[in-house]
Amino acid sequence: MKVDVLLGLQWGDEGKGKIVDVLTPGYDVIARFQGGPNAGHSLEFNEIKHVLHSIPSGIFHPGKVNLIGNGVVMDPVVFMEEVQAIEKLGVNVKDHLLISRKAHLILPTHRVLDAASEAAKGVSKIGSTLKGIGPTYMDKTGRNGIRVGDLERDDFMERYHFLRNKHKDILRQYDFSYNLEEAEEQWFRGIEAIRRFALVDSEYVINEFLSKGKKVLAEGAQGTMLDIDFGSYPFVTSSSTICAGACTGLGIAPQRIGEVFGIFKAYCTRVGSGPFPTELLDATGEELRKRGHEFGSTTGRPRRCGWLDLVALKYAIMLNGVTQLFMTKADVLSGFDTIRVCTAYKVNGHLTDRVPYASDAEIEPVYRELPAWKENLCGVTRVEEFPKELTGYITFLEKELNLPISIVSVGPDRKQIIFRNQG
């Protein structure tokens, strides 16, 4: 068997959690392979909105295995609160969630370091979520980190105090006040919550699942344009958000990758700082934000909004080897007079179809205008009910991107997912 990978093709917030939830019945295992509580995967069903930060989006389906992979970084406090919220809904989390021993832990001092570092940057802030993600990945690559498996070691507290004290020494460089006492109390309660779960050598577990013919869906967090290597550096996250990250974040070989599902919004959004060529700083951008309820599910920050960017989208498709596209939030574009799509850039006056190296390059988007649709899509249940303008928009995108758009989302609920020409 092969692992199918589902990931975002923009700057995150594409609707990955909802799609994973809808696809889960066709899989045996759902596995998160990178990121941490800076990601918020929103699911909506039975008129209730659920936001998951660490736990895979298949957790609401009984009988499915959910795995937090080695590439994830875990905040014990966020994890504990997430488990409690899900269990209140009557979901048996403990028996359906496995945690990799090799996943790294976010310490209270990681969060303090994140906040102190971001504050010190002043106007050069990158827009960190202040969840301690960057400092945790820095300790991971610096070979100083504490992993989930260390909870099973007799010297865990010694390791914790060593790293905490190292962080406190670093914090002396900053003019930043903090109080660890309350944060540590909560953190250790979170540690006890993690101890309730099965800690596994996930690279063996997932390959054993595959050998037994189990179907696995790897769930990515954030989006391709936030990838540490290929995103708009330095305005990126600290992990590999692309398909290759599923291999390193789960311990699977490249030839084990099957379908690659790429999710994109019918327009673009971005949270935080960094380049955004098609950003709309006018009434249209505000209308997109209002209609799409574009506020971060993790931070609550208003998202920057703009038209769809095909230059960036083609780049993301190339990096990930996408085999099928899923388009979300088509309903948000209902009612506009026309829709614009960026098909090329003018970079320093020169026309190009490539994403430039420099994050501060002067980019002027080149647009193609398409007819919009006036109909409200929220009640649409079949492809045949699509307005002809929406069908035209999809056809245009499929031709430009040379890939099928297999799913179109017309609303936030899991029932508002329309399957098209899959395969």
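Computed from the coordinates by the stated procedures, all read-outs in this text should not be read as laboratory data. Just so it is clear, the model here is predicted, and its values are computed rather than measured. Glycine also receives a Cβ, built like all others from the backbone with ideal geometry; neighbour counts cover every protein chain displayed.
Under the rule a/c < 1.5 gives rounded, and otherwise a/b versus b/c splits prolate from oblate, where does segment 133-174 land using the Cα gyration tensor? In terms of gyration-tensor shape, oblate. Of all aspartates and glutamates in the structure, those lying under 15 Å Cα to Cα from K64, and not within fewer than 8 positions of it along the same chain, are D21, D28, D95, E219. Dipole check for the chain: with +1 at the C-beta of Lys and Arg, -1 at the C-beta of Asp and Glu, and the Cα centre as origin, the magnitude is about 480 Debye. Using only the C-alpha atoms, the convex hull of segment 165-208 corresponds to 118 Å³ per residue.
Would segment 92-167 count as rounded, prolate or oblate if I go by the C-alpha gyration tensor, calling it rounded below 1.5 in a/c and otherwise prolate when a/b exceeds b/c, oblate otherwise? It is oblate, given that a/c is not under 1.5 and a/b is not larger than b/c. All other residues whose Cβ lies under 9 angstrom from that of A266 are scored, Lys and Arg at +1 and Asp and Glu at -1, for a net of +1. Solvent-free Debye calculation, one equal scatterer per alpha-carbon of segment 241-341: log10 I(q)/I(0) at 0.16, 0.17, 0.22, 0.23 Å⁻¹ equals -0.79, -0.87, -1.19, -1.24. Overall, the anisotropy analysis places segment 233-272 in the oblate class: the square-rooted eigenvalues a ≥ b ≥ c of its C-alpha gyration tensor yield a/c not less than 1.5, with a/b not exceeding b/c.
Both numbers refer to the Cα atoms of segment 355-423; Rg and Dmax are 15.5, 44 Å.
On a 0 to 90 degree scale, rounded to 10, what angle separates helix 180-195 from the longest Cα axis of the chain? Taking the Cα atoms of the chain, the angle to 180-195 is about 80 degrees. Applied to segment 243-256, the Karplus parametrisation 6.51 cos²θ - 1.76 cosθ + 1.60 on θ = phi - 60° returns per-residue 3J(HN,Hα) values of 4, 4, x, 5, 5, 6, x, 10, x, 10, 6, x, 6, 7 Hz, with x for Gly and Pro. The modelled label-to-label distance for the pair F295/L281, using points 7 Å beyond Cα in the direction of Cβ, is 2.4 nm.
For the chain, the longest principal axis of the Cα atoms and the long axis of helix 283-292 meet at an angle of about 60 degrees.
Across the alpha-carbon atoms of segment 295-390, the computed radius of gyration and Dmax are 16.1, 45 angstrom. Backbone amide hydrogens, once placed in the peptide plane, bring L67 within less than 5 Å of I30, A31, R32, L98, excluding anything fewer than 5 places away on its chain. Across segment 306-323, computed HN-Hα scalar couplings (Karplus, 6.51 cos²θ - 1.76 cosθ + 1.60, θ = phi - 60°) run x, 6, 5, 10, 6, 5, 5, 5, 5, 4, 5, 4, 4, 5, 9, x, 4, 10 Hz from first to last residue, x flagging Gly and Pro.
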